[in-house]
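Novice: Next up is a structure, given as structure tokens.
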Amino acid sequence: MESVNRLLVKQAEQIILLFTPPFDKSALDPGYIKGYLPGVRENGGQYTHAAIWAAWRLPSLGREIVL
């Protein structure tokens, strides 16, 4: 969860990313998500299930997410 806060929570934008970095310069082809621009939808953008999971998990650790 420390990594989530450090790498995926973007406080200024008030979003939680699904993953980072986006697939735009990688030789690897993960499939359809590489077709989205970086920061859009699954390609390194906010995606609701990741944000909900983080918001659900942190209180069980005695912490809260700070946006």
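The values are calculated or read from the model by the stated rules, or taken from the named source; none is laboratory data. All of these numbers come straight from a predicted model, not from anything done at the bench. We place every Cβ from the backbone using ideal geometry, glycine too, and count neighbours over all the protein chains shown.
Yes/no per residue for (1) among the hydrophobic types (A, V, I, L, M, F, W, C); (2) within 13 Å of the chain's Cα centre (by Cα):
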{"position": "1", "(1), (2)": "yes, yes"}
{"position": "10", "(1), (2)": "no, yes"}
{"position": "22", "(1), (2)": "no, yes"}
{"position": "32", "(1), (2)": "no, no"}
{"position": "37", "(1), (2)": "yes, no"}
{"position": "53", "(1), (2)": "yes, yes"}
{"position": "56", "(1), (2)": "yes, no"}
{"position": "62", "(1), (2)": "no, no"}
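Novice: When only residues in segment 1-25 that are in a loop (DSSP other than H, G, I, E, B) and in contact with a helix residue (DSSP H, G or I) (Cβ under 8 Å, 6 or more places away or on another chain) count, which is nearest to residue 58 (Cα to Cα)?
Specialist: Residues of segment 1-25 that are in a loop (DSSP other than H, G, I, E, B), as a first pass: 1, 11-14, 18-25.
Subsequent filtering for residues that are in contact with a helix residue (DSSP H, G or I) (Cβ under 8 Å, 6 or more places away or on another chain) retains 1, 18-20, 23-24.
Details: 1: 7, 18: 16, 19: 18, 20: 20, 23: 27, 24: 30 Å.
That would be 1.
Novice: Could you run through segment 14-67 and say how many residues are free of Cβ contacts under 8 Å to residues at least 24 places away in the same chain, over 15 Å from residue 1 (Cα atoms) and among the acidic types (Asp, Glu)?
Specialist: Total satisfying the criteria: 2.
Novice: Taking the condition of being surrounded by fewer than 13 Cβ atoms within 10 Å (Cβ to Cβ) and modelled with pLDDT of 85 or more, how many residues in segment 30-61 meet it?
Specialist: So the count comes out to 5.
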